[in-house]
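Let me begin by presenting the structure, written as structure tokens, before commenting on it.
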Amino acid sequence: MRILLAVHYWLPHLGGVELEARQQALLLRERGHQVSVITSRLDGDPEFELDEGIEVHRVRALNTLERRLGLPYPLFDPRVLGVARRLVAESDVVIGHTHTFLSTVAAARAAKRLGVPFVLIQNNPYIDYPFPLSLVQKAADITLGRYSTSRATRLVAISEFTADYVRRLAPGRPVEVMYLGVDVDRFSPVTPSERRAIRIRLNLEPDAFIAFTVRRLFFRNGVDTLLEAAALLRDRTDIRVVIGGSGPDRAEMDDQIVRDHLDHVTLAGFIPDDDLADYHRAADVFVLPSRTAEGFGLVLLEAAACSVPSIATRSGAPPELIDDGETGLLVPTDSPDELAAAIARLADDHPLAVDMGAAAYARHGDQTWQRSVDQLEAILIDAVAEGRG
């Protein structure tokens, strides 16, 4: 098949959707399919490149909303409509990632006009942004979101929680749930001695209880709640909180660490892809403190693949991935008291943390990208067959 992916960003821009899309593209190409991508062209990006055999076509876009407001939403040049039409005409099937991005809307429009099957993969549910971004989100849902979903041949969501959101946008339409996967060659368990060596290499305390998260430092991701929980654990000299990632709220978090004397908290900054698995392996528990609308929680799978339990809020899809009290712990959103108590519980009962990590590995150890793309490939084949019929 000739497959076109429409995605708002591509590497080197980092984010969950673009990493997911690239993994799908690589595996589909390995299976003999011809894969092309239409995406945004930001400063320094080439207009066209081959990324391990994947044709990447970039259209000029402004990234003002992400730079100024932390909202990862590129504003495409109108030429995206013509480029999308040309690439869709050369394709057997089109995949659009997330309903309101302009790359997805352009691909949906061209696919409808040219009679090419269009598969929409919805990666996030409704995000409860603070005002005034909340108004933008609602307007985008009503206009762009409904436009994309109405033109999709097949609707796919990456969790049951996200699927419910898509069903509200497209009443009566079937929505297939397709969980994401993890690269088990990269993310895998280590022995206690290997973990200690990893901690030394990463300049982490070898004997501390380490609670780790990697997040984009932005409102909806709840890292400020984790910092408030860390303040409640200030007297626990055995606990370290390690936060990886970058984002628009970094300076504010630096100030909070200084203001609240959080000497046991480390802001590790951007974590290179080559080090990410080792940060997971170095941890005793992974923390996902999302404030709103976690569409899946791929990092929970990555932690589980390293035999590390997770503590997550009940916002969105994490309850689908964590068996509370067995593979990890679930806490309410915006509750630093309960988040701190959950971290302390596992720090005080190391055998429980180890058992939960083993249970998480047993549950998710075979939830690979290959398995996820098996399902995606079947959806694409069916969509093409239905289009020909």
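The residues in segment 206-233 that are in contact with a helix residue (DSSP H, G or I) (Cβ under 7 Å, 6 or more places away or on another chain) and under 19 Å from V308 (Cα atoms) can be counted, and the count is 9.
Just give me the residues in segment 274-309 being in contact with a Pro (Cβ under 8 Å, 6 or more places away or on another chain), over 19 Å from P189 (Cβ atoms) and surrounded by 21 or more Cβ atoms within 10 Å (Cβ to Cβ), in sequence order. Result: L288, S290, E294, G295, G297.
Inspect all residues belonging to segment 278-285 and state whether any of them is over 20 Å from N221 (Cβ atoms) and touching a Cys at 6+ places or on another chain (Cβ under 7 Å). Yes, some residue in segment 278-285 is over 20 Å from N221 (Cβ atoms) and touching a Cys at 6+ places or on another chain (Cβ under 7 Å). Can you find a residue in segment 145-158 that is free of Cβ contacts under 8 Å to residues at least 40 places away in the same chain, more than 18 Å from L19 (Cα to Cα) and either buried (at least 17 other Cβ atoms within 10 Å of the Cβ) or acidic (D, E) (or both)? Among the residues of segment 145-158, at least one is free of Cβ contacts under 8 Å to residues at least 40 places away in the same chain, more than 18 Å from L19 (Cα to Cα) and either buried (at least 17 other Cβ atoms within 10 Å of the Cβ) or acidic (D, E) (or both), which makes the answer yes. If the condition is being more than 18 Å from the chain's Cα centre (by Cα), small (G, A, S) and not in a helix (DSSP H, G or I), then segment 134-179 contributes A152, A170, G172.
Whether a residue is farther than 25 Å from H97 by Cα and in contact (Cβ under 8 Å) with a residue 24 or more places away in the chain was assessed, and I210 passes this test. Scanning segment 286-300 for residues that are under 11 Å from L321 (Cβ atoms) and either touching a Cys at 6+ places or on another chain (Cβ under 9 Å) or not in a helix (DSSP H, G or I) (or both) turns up L288, E294, F296, G297.
Can you tell me how many residues within segment 192-231 are outside any loop (DSSP other than H, G, I, E, B) and within 30 Å of L69 (Cβ to Cβ)? Before you say what the answer is, go through the steps one by one.
The first filter runs over segment 192-231 and keeps only residues outside any loop (DSSP other than H, G, I, E, B), leaving 192-201, 209-214, 219-221, 223-231.
Next cut, within 30 Å of L69 (Cβ to Cβ) only: 211-214, 219-221, 223-231.
Of the residues in segment 192-231, 16 are outside any loop (DSSP other than H, G, I, E, B) and within 30 Å of L69 (Cβ to Cβ).
Exactly one residue among L267, L276 is assigned to a strand (DSSP E or B), over 25 Å from D349 (Cβ atoms) and out of contact with any Gly (no Cβ under 7 Å at 6 or more places or on another chain), and that residue is L267.
Check segment 9-16 and report whether any residue there is surrounded by 20 or more Cβ atoms within 10 Å (Cβ to Cβ), not assigned by TED's automatic domain parsing to the domain that holds S246 and not aromatic (F, W, Y). Show your work before the answer.
From segment 9-16, those surrounded by 20 or more Cβ atoms within 10 Å (Cβ to Cβ) are 9-10; that's our starting set.
Next, only the ones that are not assigned by TED's automatic domain parsing to the domain that holds S246 stay: 9-10.
Add one more test, that the residue is not aromatic (F, W, Y), and what stays is none.
The answer is no, given that none of the residues of segment 9-16 is surrounded by 20 or more Cβ atoms within 10 Å (Cβ to Cβ), not assigned by TED's automatic domain parsing to the domain that holds S246 and not aromatic (F, W, Y).
Which count do you get for residues in segment 115-169 that are acidic (D, E) and either farther than 26 Å from L376 by Cα or outside the structural domain of H99 (by TED's automatic domain parsing) (or both)? The total comes to 1. Filtering segment 162-200 to residues that are hydroxyl-bearing (S, T, Y) and farther than 22 Å from P351 by Cβ leaves T162, Y165, Y179.
Residues that are surrounded by fewer than 17 Cβ atoms within 10 Å (Cβ to Cβ), touching a residue at least 60 places away in the same chain (Cβ under 8 Å) and over 19 Å from the mean Cα position of the chain (by Cα): does segment 71-88 have at least one? Within segment 71-88 (the criterion being surrounded by fewer than 17 Cβ atoms within 10 Å (Cβ to Cβ), touching a residue at least 60 places away in the same chain (Cβ under 8 Å) and over 19 Å from the mean Cα position of the chain (by Cα)), the answer is no, since none of the residues qualifies.
Pick out the one residue from E18, E30, E55, E47 that is in contact with a Phe, Trp or Tyr (Cβ under 7 Å, 6 or more places away or on another chain) and either farther than 27 Å from S372 by Cβ or free of Cβ contacts under 8 Å to residues at least 24 places away in the same chain (or both). First the steps, then the outcome.
Values: E30 fails: in contact with a Phe, Trp or Tyr (Cβ under 7 Å, 6 or more places away or on another chain); E55 fails: in contact with a Phe, Trp or Tyr (Cβ under 7 Å, 6 or more places away or on another chain); E47 fails: in contact with a Phe, Trp or Tyr (Cβ under 7 Å, 6 or more places away or on another chain).
After applying the criteria, what remains is E18.
Which ranges mark the helices (runs of 4 or more DSSP H) fully within segment 310-389 that have 3 or more residues being buried (at least 19 other Cβ atoms within 10 Å of the Cβ)? Please lay out each step first, then the result.
Values: elements: 318-321, 336-348, 350-364, 369-388.
Because the criterion is at least 3 residues that are buried (at least 19 other Cβ atoms within 10 Å of the Cβ), the helices (runs of 4 or more DSSP H) in segment 310-389 that meet it are 336-348, 350-364, 369-388.
Could you check segment 1-110 for helices (runs of 4 or more DSSP H) lying wholly inside it with 1 or more residues that are within 26 Å of I379 (Cβ to Cβ)? Qualifying helices (runs of 4 or more DSSP H): 16-30, 80-89.
The values are calculated or read from the model by the stated rules, or taken from the named source; none is laboratory data. Remember, it's a predicted structure, so these values are computed and weren't measured experimentally. Glycine gets a Cβ as well: all are built from the backbone with ideal geometry, and neighbour counts include every protein chain shown.
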